[in-house]
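Scroll down for the structure; my scribbles are underneath it.
The values are calculated or read from the model by the stated rules, or taken from the named source; none is laboratory data. All values derive from a computational prediction rather than experimental measurement. As a convention, Cβ positions derive from the backbone with ideal geometry for all residues, glycine included, and neighbour counts pool all protein chains shown. Please note that ligands, DNA and RNA were not included when accessible areas were found on the heavy atoms of the full protein model with its side chains. Shrake-Rupley method; radii C 1.70, N 1.55, O 1.52, S 1.80 Å.
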Amino acid sequence: MTTMKTFFAPLFVLAVIGVLLAGCVSSGDSPSGTVSAPPQHYLRNNIHVQVHENGDMRASYANWINPGAGHMVIPVNTPVEIGKIRRGIPIIIKSTGKIIDFEFDEKNMAMTAEQYVNFITTTEPVALRNLSDIDRKGIADGKAYKGMSKEGVRIALGYPAAHRTPSLAVNTWVYWRNRFATTAIDFDGNGKVKGIR
């Protein structure tokens, strides 16, 4: 009998430890006890970046829709992750691991960086099939063309900076081509591009 007690005592202790450990795991974020993975994020609009000679990628809330050498468009629906927000917003392209150093100014955008991230990313891919042919062309090219809708321009060029375009309801949106020059997109009463200056 003593031999049986000596054999089962360590097994009993191991069983109790196993139950306690299982209890710790089951206090996770989901009812099953597993920790939920963060949701997949996709770009809600194109991001215009400037790629420097060393490979660094920079972008801005002001959009820089034609910054010159090294200009590249990261397309809408690109899967991304958002890094730790400090002075800017690090946007990580999941397929390559490349980081876009995205400058952000809370005062000029009249929102926090976290709020802005919710404007430019989504957990579901953006449906483009219901947009017009000219909208889809502008989005693919990363440009505004006459006849595009406001939604098409927003996806093609991104959100205009709020200190120059305080609302998307206005009929002139101002974008920066680079740090020094701007482009204005004029819409008609139906919300279609009538001029670019």
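Quick one: if you stick a label point 7 Å off each Cα along the C-beta vector at Thr123 and His71, how many nm between them?
Each label point lies 7 Å from its Cα, and together they span 3.6 nm.
Tell me the per residue accessible area of the stretch 39-167 using a 1.4 Å probe; a whole number in Å² is fine. Walk me through the numbers before you get to the answer.
Numbers: 6570 Å² over 129 residues.
For the stretch 39-167, the solvent-accessible area averages 51 Å² per residue.
Inverting the mean 1/r over all pairs of different Cα atoms, compute the Kirkwood radius of the stretch 47-149 and quote it in Å.
Numbers: mean 1/r = 0.0676 Å⁻¹.
14.8 Å is the Kirkwood radius here.
Please list the non-local residues whose amide H lies under 5 Å from the amide H of His41, H modeled 1.01 Å from N, same-chain partners needing a gap of 5 or more.
HN-HN under 5 Å from His41: Val80.
Long-range amide H contacts for Gly158: which residues qualify at under 5 Å (H placed 1.01 Å from N, peptide plane, sequence gap of 5 or more or a different chain)?
So Gly158 has HN proximity to Asn46.
Ignoring ligands, DNA and RNA, what percent of the accessible area of the stretch 74-197 is carbon or sulfur (1.4 Å)?
On the way: 3360 of 6690 Å².
Taking all protein chains in place, the stretch 74-197 shows 50 percent carbon and sulfur surface.
So between Lys194 and Lys107, what do we pick up on full extension, going 0.36 nm a residue minus the alpha carbon distance?
Values: separation 87, 0.36 × 87 = 31.32 nm, distance 3.00 nm.
Length difference between fully extended and current span is 28.3 nm.
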